[in-house]
Amino acid sequence: MHLLEILAALGAAQGVLLLLLIGLRFRFHKNLPLALLVVALSARLGTIPSWNQDVLLRFPWLLPAATPLPFLFGFLIWWYVRELRSTDDATPPLVGLHFLPYLLEMLAVAFTVYSMSSDEYRRFILDLFAGSPPRWMLVRNGFKVVFNIIYMALALRLAFGSAGALSSGRRLWVRLVATVPLLSLGAFAFVALYPPATASLAEGVAFPFAVVAAALLLIIYTLSLLALLFPDVLAPGCPDPEDDGEPAPATERITLNEECTRIARVAHERLLDGAFRNPSLNVRSMARDLRVHPNRLSQAVNGTFGISFPRMVNRMRVEYFLRQVEAGALQGENILELAFEAGFPSKSTFNRVFKEITGQAPSVFLSSRIEGDLDGEGGPGTGGAVHGDGAPVELDDPPGDGKTQS
């Protein structure tokens with residue numbers, strides 16, 4: 001039993017460390033199934049040493065807490081493989097329904113256990129460790145095995161299907177996540193459907209359960225190793241699909257680039273529709289509206305337009321301000337009122353940004369325009385912001401057909 005406890009402790013501790021890494025450094029919605037998988041694996045691994053008649057007789061709640069967990073393994077593996085393969089930010093449709101077997105099993109086991117009298121529960125545990133579990137338990141274990149087989153088949157189909165727009169690191173992630181758990185699920189199926197394996201625990205033979213614990217440990221350590229070797233897979237963004245230093249095929253590059261360009265285009269279109277005039281606008285609020293991670297939006301805008309998101313917003317605000325000046329807005333408003341109308345949150349921000357973009361303080365710049373020193377450069381119709389020398393700056397057109405996708 002000491003080996004079983006050591007394996008369980010090592011796996012559970014590593015699972016906690018991996019979960020902390022995901023939560024603190026890679027908090028991204030596409031990593032949610034990975035985080036849930038680590039929780040489920042660590043919880044099941046940590047409760048394996050408690051699978052003996054003395055502990056279960058003392059703590060009946062362990063049965064409904066631990067036995068339904070395998071219903072989650074195959075589903076979470078399939079979900080995570082799906083997230084690794086997909087280039088969009090949509091979760092699987094009706095994702096909550098996939099948790100239903102786990103929840104129903106937990107409720108059913110809890111009801112069964114707590115509806116027994118003390119003598120009935122004691123007899124049930126003794127029969128379980130004598131190799132004579134009730135038939136309903138074997139049937140439920142059979143359902144767990146079938147559910148996992150279905151989900152693992154779907155995960156393997158995704159993992160070894162068309163490579164699509166996957167880098168070498170991501171491809172390795174996908175295939176290891178889909179294959180390494182097979183050993184654990186095979187060991188679990190043997191223990192769950194072969195009652196003498198449980199009976200051997202009462203005789204002090206822990207080998208079958210040690211195999212299960214070692215297989216779960218292997219999954220957790222494999223995921224941890226992948227996180228160290230390929231952290232970019234866990235990080236949100238618009239990765240460049242390259243394979244061992246060689247460019248990916250054109251069809252693979254297009255898939256990722258089109259997705260990043262689509263995000264950048266939609267953000268740019270929102271800004272052109274006037275979103276830049278919102279003084280509280282920032283990359284996080286725009287990303288929340290677009291349902292993407294802020295890092296991904298920032299990288300998409302940078303990669304598509306060659307400019308940071310805040311810089312793009314500030315250029316549009318300055319351009320709007322100058323257009324309104326050309327239209328005679330200062331005859332009815334002062335400079336600060338017009339700056340607030342353009343979306344600048346404060347006077348100091350307006351002065352700083354205006355000088356960064358035009359090279360002059362607002363009052364100096366406007367005085368020089370009134371005197372005609374700039375010869376009309378940067379006026380209405382330029383469609384861009386201005387450099388420090390007053391020349392208009394055009395944002396690069398994103399690649400594609402020019403049509404903005406929503």
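The values are calculated or read from the model by the stated rules, or taken from the named source; none is laboratory data. In this text the structure is predicted, and so the values were computed from the model without any measurement. In this analysis, Cβ positions are derived from the backbone assuming ideal geometry, glycine residues included, and neighbour counts consider all displayed protein chains.
Tabulated data for the structure shown
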{"item": "Tally of residues being assigned to a loop (DSSP other than H, G, I, E, B), within 20 Å of the chain's Cα centre (by Cα) and among the aliphatic types (A, V, I, L, M) across the range 262-307", "result": "1"}
{"item": "From the options Ala35, Ala13, residue that is part of a helix (DSSP H, G or I) and over 21 Å from Asn295 (Cα atoms)", "result": "Ala13"}
{"item": "Qualifying residue in the range 53-61 (condition: assigned by TED's automatic domain parsing to the domain that holds Ala197, crowded, with 18+ Cβ neighbours inside 10 Å and under 25 Å from the mean Cα position of the chain (by Cα))", "result": "no"}
{"item": "Enumeration of residues in the range 6-31 that are surrounded by 14 or more Cβ atoms within 10 Å (Cβ to Cβ) and under 17 Å from Val233 (Cα atoms)", "result": "Leu18, Leu19, Leu21, Ile22, Phe26, Phe28, Lys30, Asn31"}
{"item": "Single residue of the range 77-127 satisfying the filter (within 30 Å of Pro294 (Cβ to Cβ) and among the β-branched types (Val, Ile, Thr)) that is surrounded by the most Cβ atoms within 10 Å (Cβ to Cβ)", "result": "Ile77"}
{"item": "Total residues in the range 308-325, condition touching a residue at least 40 places away in the same chain (Cβ under 8 Å) and either of a type in the set (Phe, Trp, Tyr) or not in a helix (DSSP H, G or I) (or both)", "result": "2"}
{"item": "For Glu333: the one exception among (1) over 14 Å from Ala264 (Cβ atoms); (2) in contact (Cβ under 8 Å) with a residue 24 or more places away in the chain", "result": "(2)"}
{"item": "Selection status of Thr382, modelled with pLDDT of 85 or more, polar (S, T, N, Q), in the same structural domain as Asp273 (by TED's automatic domain parsing) and in contact with a strand residue (DSSP E or B) (Cβ under 8 Å, 6 or more places away or on another chain)", "result": "no"}
{"item": "Pairs where the first residue, in the range 43-55, is more than 16 Å from Val16 (Cα to Cα) and the second is not in a helix (DSSP H, G or I), C-beta under 6 Å, 6+ apart", "result": "Gln53/Phe129"}
{"item": "Qualifying residue in the range 84-104 (condition: touching a Pro at 6+ places or on another chain (Cβ under 6 Å) and under 30 Å from Arg171 (Cα atoms))", "result": "yes"}
{"item": "Filtered residues of the range 88-145 (kept if part of a helix (DSSP H, G or I), under 21 Å from Phe71 (Cβ atoms) and of a type in the set (S, T, N, Q))", "result": "Thr112, Asn141"}
{"item": "Which numbered condition Glu120 fails, given (1) touching a Phe, Trp or Tyr at 6+ places or on another chain (Cβ under 7 Å); (2) farther than 22 Å from Leu32 by Cα", "result": "(1)"}
{"item": "Some residue of the range 338-360 being modelled with pLDDT of 50 or more and over 43 Å from the mean Cα position of the chain (by Cα)", "result": "yes"}
{"item": "Filter pass, Pro68 being of a type outside the set (Asp, Glu) and either part of a helix (DSSP H, G or I) or touching a residue at least 40 places away in the same chain (Cβ under 8 Å) (or both)", "result": "yes"}
{"item": "Conditions (1) of a type in the set (Gly, Ala, Ser); (2) under 17 Å from Val191 (Cβ atoms); (3) surrounded by 14 or more Cβ atoms within 10 Å (Cβ to Cβ): number failed by Ala65", "result": "(2)"}
